[in-house]
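The values are calculated or read from the model by the stated rules, or taken from the named source; none is laboratory data. None of these values were measured; they are calculated from a predicted model. A quick note on method: Cβ atoms are made from the backbone with ideal geometry, for glycine too, and the neighbour counts reach across all protein chains shown. Just so you know, the surface numbers come from the protein's heavy atoms only, side chains and all, with ligands and any DNA or RNA stripped out. Shrake-Rupley method; radii C 1.70, N 1.55, O 1.52, S 1.80 Å.
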Amino acid sequence: MDPVNLFDLAAQQARWLSVRQTTIAGNVANANTPGYRANDVEPFEQVLDRTRVAMTATQAGHLGGGATDANYAVRQQEPDTAVLPSENTVALESELIKAGEVRRSFELNTAIVKAFHRMVMLSSKA
């Protein structure tokens, strides 16, 4: 049985969330580094827009769906607050808000996968 596409999408979002959390942690770690520019990861919606979904024949007469791998672009973010005299653009308040968003997204992603997994397991028992 091939994995359901929802599991692939959830795994891709989990990887993206991991990269974003690492980027946010790097920003917080460099909050006092002179000249450091805050970074962020491109929005997940843009990653999905770049992901090409293609039909793949696994056997003659059978079709399955697959998605290409997408890389996540980490880029410097434009400062949304005043730049510090040290030319550091990290605003700890916004970084902590982003970290909270990532945590909530991880929790939602996990809850959806658990619910879908239970549904698949219940349907296969019957």
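Please enumerate the residues belonging to segment 74-126 that are polar (S, T, N, Q) and free of Cβ contacts under 8 Å to residues at least 12 places away in the same chain. Explain how you work it out, then say what you get.
Kept after step one, since they are polar (S, T, N, Q), are these residues of segment 74-126: 76-77, 81, 86, 88-89, 94, 105, 109-110, 123-124.
Across segment 74-126, the qualifying residues are THR110, SER123, SER124.
Would you check which residues across segment 76-126 are within 22 Å of ALA11 (Cα to Cα) and open to solvent by less than 50 Å² (accessible area, probe 1.4 Å) and list them?
LYS98, ALA99, GLY100, VAL102, SER105, ASN109, VAL113, ALA115, PHE116, VAL120
Output the residues belonging to segment 35-50 that are within 19 Å of GLU78 (Cβ to Cβ) and open to solvent by 70 Å² or more (accessible area, probe 1.4 Å).
Selection gives ARG37, GLU45, GLN46.
Sort out which residues of segment 102-124 are closer than 24 Å to GLU45 by Cβ and among the β-branched types (Val, Ile, Thr), and write them in order of number.
Just the residues of segment 102-124 that are closer than 24 Å to GLU45 by Cβ, to begin with: 102-116.
Answer for segment 102-124, where residues must be closer than 24 Å to GLU45 by Cβ and among the β-branched types (Val, Ile, Thr): VAL102, THR110, ILE112, VAL113.
Mind checking which strands (runs of 3 or more DSSP E) fall wholly inside segment 36-92 and carry at least 3 residues that are modelled with pLDDT of 70 or more?
The qualifying strands (runs of 3 or more DSSP E) are 39-41, 74-76.
Whether any residue in segment 5-26 is farther than 19 Å from PHE106 by Cα, open to solvent by 40 Å² or more (accessible area, probe 1.4 Å) and modelled with pLDDT of 85 or more is what I want to check.
The answer is no, given that none of the residues of segment 5-26 is farther than 19 Å from PHE106 by Cα, open to solvent by 40 Å² or more (accessible area, probe 1.4 Å) and modelled with pLDDT of 85 or more.
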